[in-house]
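Each remark here refers to the structure printed beneath this line.
All of the numbers you see were taken from the coordinates with simple rules; none came from a lab. For clarity, every value in this text was computed on a predicted model and none was experimentally measured. Heads up, the Cβs are rebuilt from the backbone with ideal geometry, glycines too, and the neighbour counts pull from every protein chain shown.
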């Protein structure tokens with residue numbers, strides 16, 4: 001029986017466990033003062049100011065939350081984490097680049113900042129500002145921007161004032177950054193010799209015949225690699241840059257899914273059929289939906305019009321599967337369609353009505369102030385005077401002259417492919433009720449609209465009331481999955497504790513998982529300088545993996561202390577490796593080094609096979625393969641079907657003459673034997689300006705990424721935020 005089952009059997013033990021847990025929860029709070037405080041982290045040895053980080057985090061979080069609200073979506077826990085990361089990245093970059101700005105004397109005066117903001121003195125207006133502060137002609141209007149800035153500066157809302165102050169700082173920072181990268185870009189150059197080399201690398205062509213014996217042709221089991229050979233390779237190569245380690249930890253895991261059982265599915269289907277029968281006969285659709293649906297939403301108006309998935313104007317959540325379009329359009333009012341699967345849920349849809357027409361119309365808006373009777377009377381008089389001479393031939397011209405709707409003015413006043421609920425009711429009703437070609441006026445809260453009905457296309461989209469249900473595991477199924485996870489962990493702890501050696505423990509972990517038909521994932525890599533875990537659904541699961549990897553006393557082969565719940569699954573995890581910065585431990589690189597030794601031994605065997613033949617054809621026959629032809633350039637060091645082979649291609653361009661054959665060449669994918677048949681020299685060129693400009697553009701285009709990457713490496717950025725939040729001590 002699982003450990004959780006044993007605890008249930010002995011309630012006195014449960015009380016003791018809860019008591020201990022409470023003490024463990026309280027103790028960290030009581031002893032918090034004695035825990036070392038590493039701060040949020042450091043940049044080039046300088047600690048990041050916690051207060052400054054918290055302030056930046058609050059500012060970024062506030063802006064991100066506002067943006068989420070504007071997009072009508074929730075500001076989730078993941079969004080909060082992303083905001084924190086943005087704040088951290090912003091602060092780190094400030095600390096790195098401020099030193100550069102100071103050293104180079106880069107600053108931004110108030111006059112320069114204003115010119116940068118308003119697009120004067122040679123600057124171009126930033127695209128967002130040009131779009132947000134444009135006049136009716138679509139051109140940037142500096143006065144509108146000035147008014148908005150004054151409004152923010154004088155606002156009684158402290159958040160708005162703070163936002164403007166932050167915007168000013170961001171503006172200056174962006175201008176400093178632009179100047180810095182422009183300065184660096186000016187120092188990037190390409191010499192005439194480099195351009196000539198690039199031209200020759202692209203244009204000189206080597207026509208070759210070759211054979212390749214790939215390493216994969218020799219089964220790994222045919223090559224015996226001894227432990228001594230791997231250790232010898234380790235001693236010879238451990239200090240090479242290729243093998244240099246970073247402080248990191250890796251964790252392996254497998255998942256135990258929490259999925260509905262057959263019994264759960266049967267009960268769900270039975271319940272759904274009962275609901276369908278009741279839905280058909282209910283006299284109050286609204287109350288029924290609210291009582292029975294997981295999604296508590298109901299409307300009997302055309303606002304509840306649904307479109308098929310893939311329809312370009314479909315609204316999120318207001319769709320049905322495209323494959324069911326004909327089913328819905330053939331249904332009668334009162335019919336129940338379903339149950340049918342839709343985006344992971346089951347739905348029953350009751351047809352309440354049909355939205356029959358996709359509409360097209362054009363209009364001229366004479367604006368009036370809502371609630372101002374005189375304003376509407378004046379607007380109606382103007383509309384009546386326009387209607388006297390208006391017809392379908394001059395309608396577009398009159399739109400240009402009279403309309404006060406900027407959203408449709410440039411389109412001749414036309415709105416097309418809309419359903420009635422997308423416009424104000426009076427506007428839509430006129431178009432639905434009147435025949436195509438009708439011109440008339442109607443009053444809405446925006447003013448008086450002069451409308452021409454242009455088209456009414458029959459679409460027959462259903463208006464639906466939905467009962468939505470999600471199949472979830474029953475409590476019995478949840479208990480079974482929990483018991484299974486505890487049983488599995490208990491069995492693993494017992495078996496792995498009897499095994500000696502880190503490698504043997506990890507092999508036992510995989511063996512036991514396979515026996516139970518669980519798949520062990522590729523290891524999760526966690527970098528100590530910036531610990532992040534992204535492979536899980538819930539923050540709690542991510543934190544527990546971090547605690548497993550970095551808790552005091554953590555060692556290779558250590559299992560999680562209890563199954564880790566992560567949404568619809570349990571995780572069983574084990575520490576696979578612990579590596580420190582610098583020369584790697586043998587255990588952490590032994591498998592990769594064994595692969596290198598095996599590759600060398602295969603290369604030796606294949607080299608011997610290809611030696612001694614005087615022609616490519618004879619070598620191909622001896623090696624039981626066929627020769628192939630190819631045209632090779634130095635700029636693209638590849639053989640067809642073999643991939644990137646710079647060492648082999650380099651040998652062809654290092655003095656080999658036409659007609660000569662190389663010795664066996666050891667490459668990335670295998671061992672090659674190559675005959676150079678003919679060299680086509682690069683045509684003589686008057687200059688190499690094209691190559692020079694291409695190389696210069698590529699270098700300058702990569703300046704920002706290259707500089708940022710170099711700065712991060714040089715500055716040794718340490719991110720302790722996660723360690724601090726989990727109370728972990730960093731070595």
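So, in Å, what gap is there between the alpha-carbon centers of the stretch 117-144 and the stretch 590-645?
61 Å
For a quick protection proxy, order the peptides 553-559, 481-487 by their average other-Cβ count within 10 Å, most packed first. Could you put the intermediate results ahead of the total?
Values: 553-559: 14.4, 481-487: 19.1.
Going from most to least packed, we get 481-487, 553-559.
Output the Kirkwood hydrodynamic radius of the stretch 542-640, Cα pairs only, in Å rounded to one decimal.
Taking the inverse mean of 1/r over all distinct Cα pairs, the stretch 542-640 comes out at 19.1 Å.
Against the empirical 2.2 N^0.38 Å scaling, what ratio does the C-alpha Rg of the stretch 260-472 come to?
Rg over 2.2 N^0.38 Å, computed on Cα atoms: 1.31.
At what distance in nm do the modelled label points of residue 103 and residue 499 sit from each other, each positioned 7 Å from its Cα along Cα→Cβ?
Between residue 103 and residue 499, the simple spin-label model gives 5.0 nm.
Mind listing the Cα extents of the stretch 46-171 along all three principal axes, in Å, largest one first?
That gives 47, 44, 26 Å along the principal axes, largest extent first.
Could you calculate the FRET efficiency of residue 201 with residue 611 from 1/(1 + (r/R0)^6), where r is the beta carbon distance between them and R0 is 25 Å, rounded to 0.05? Write out the running numbers ahead of the final one.
On the way: r = 31 Å, r/R0 = 1.23.
The formula returns an efficiency of 0.25 here.
How would you rank 656, 673, going from fewest to most other Cβ atoms within 10 Å of each one's own Cβ?
With the sparsest Cβ surroundings first, the list reads 656, 673.
To two decimal places, what compactness ratio does the stretch 541-590 give when its Cα radius of gyration is scaled by 2.2 N^0.38 Å?
1.31
With runs of 4+ DSSP H residues as the only contributors, calculate the mean residue ellipticity of the chain at 222 nm using -39,500 (n - 2.57) per run, divided by the residue total and rounded to the nearest 500.
-15000 deg cm²/dmol
In square nanometres and to one decimal, what's the mean projected area of the convex hull around the Cα atoms of the stretch 378-493?
Averaging across all directions leaves 14.3 nm² for the Cα convex hull.
Expressed in nm to one decimal, what extension gain is obtained for the pair residue 712 and residue 684 from 0.36 nm per residue of sequence separation less their Cα-Cα distance? Write down the numbers at each step before the final one.
On the way: separation 28, 0.36 × 28 = 10.08 nm, distance 4.38 nm.
That pair, residue 712 and residue 684, stretches by 5.7 nm at full extension.
What does the extension gain come out to for residue 432 and residue 458, with contour length at 0.36 nm per residue minus their alpha carbon separation?
8.2 nm
From the mean inverse distance of alpha carbon pairs (Kirkwood) and the Cα radius of gyration, derive Rg over Rh for the stretch 461-543.
We get a ratio of 1.17 for the stretch 461-543.
Whole angstrom only: what separates the Cα centroid of the stretch 393-444 from the Cα centroid of the stretch 513-539?
58 Å
Taking 0.36 nm per residue of sequence separation and subtracting the Cα-Cα distance, how much length would be gained by fully extending the chain between residue 484 and residue 137, in nm to one decimal?
Numbers: separation 347, 0.36 × 347 = 124.92 nm, distance 6.83 nm.
This chain segment gains 118.1 nm when fully extended.
Take every Cα pair under 8 Å in the chain that's 6+ residues apart, average their separations, divide by the length, and report that relative contact order as a whole percent.
23 percent.
Relative to the first principal axis of the alpha-carbon coordinates of the chain, what is the inclination of helix 703-715, with its axis defined by its Cα atoms, in degrees from 0 to 90 and to the nearest 10?
60 degrees
Given a Förster distance of 60 angstrom, what is the FRET efficiency for residue 246 paired with residue 445, based on the Cβ-Cβ distance and rounded to 0.05?
Efficiency, rounded to the nearest 0.05: 0.40.
What nm distance separates the two modelled labels at residue 179 and residue 373, each placed 7 Å from Cα along Cα→Cβ?
The answer from the label model is 6.3 nm.
Over 10 Å intervals from 0, what percent of Cα-Cα pairs in the stretch 302-353 sits in each interval?
Here the calculated profile for the stretch 302-353 is 24, 63, 13.
So what's the stretch 324-403 giving for Cα Rg divided by 2.2 N^0.38 Å, two decimals? Numbers along the way, then the final one.
Values: Rg = 22.6 Å, N = 80, 2.2 N^0.38 = 11.6 Å.
With N residues counted in the stretch 324-403, Rg over 2.2 N^0.38 Å equals 1.94.
Once both axes come from the Cα atoms, what is the angle between helix 11-30 and the longest principal axis of the chain, in degrees from 0 to 90, rounded to 10?
In the chain, helix 11-30 runs at an angle near 90 degrees to the longest axis.
Let me know the Rg and Dmax you get for the stretch 437-576 when you use only its Cα atoms, in Å.
Reported Rg and Dmax, both Å: 28.5, 90.
Highest mean first, how do 95-105, 563-573, 437-447, 714-724 rank when packing is the count of other Cβ atoms within 10 Å averaged over residues?
Result, highest mean Cβ count within 10 Å first: 563-573, 714-724, 437-447, 95-105.
Could you check the spin-label model distance between residue 470 and residue 421? Points 7 Å from the Cα along Cα→Cβ, value in nm.
That separation, rounded to one decimal, is 2.3 nm.
Between residue 534 and residue 162, what is the FRET efficiency for a Förster distance of 41 Å, r being their Cβ-Cβ separation, to the nearest 0.05?
Efficiency at R0 = 41 Å is approximately 0.85.
Arrange the following residues from fewest to most other Cβ atoms within 10 Å of their Cβ: 214, 56.
Taking fewest neighbouring Cβ atoms as first place, the list is 214, 56.
Any idea what angle helix 373-389 forms with the longest principal axis of the chain, computed on alpha-carbon atoms, 0 to 90 degrees, nearest 10?
Helix 373-389 sits at roughly 90 degrees to that axis.
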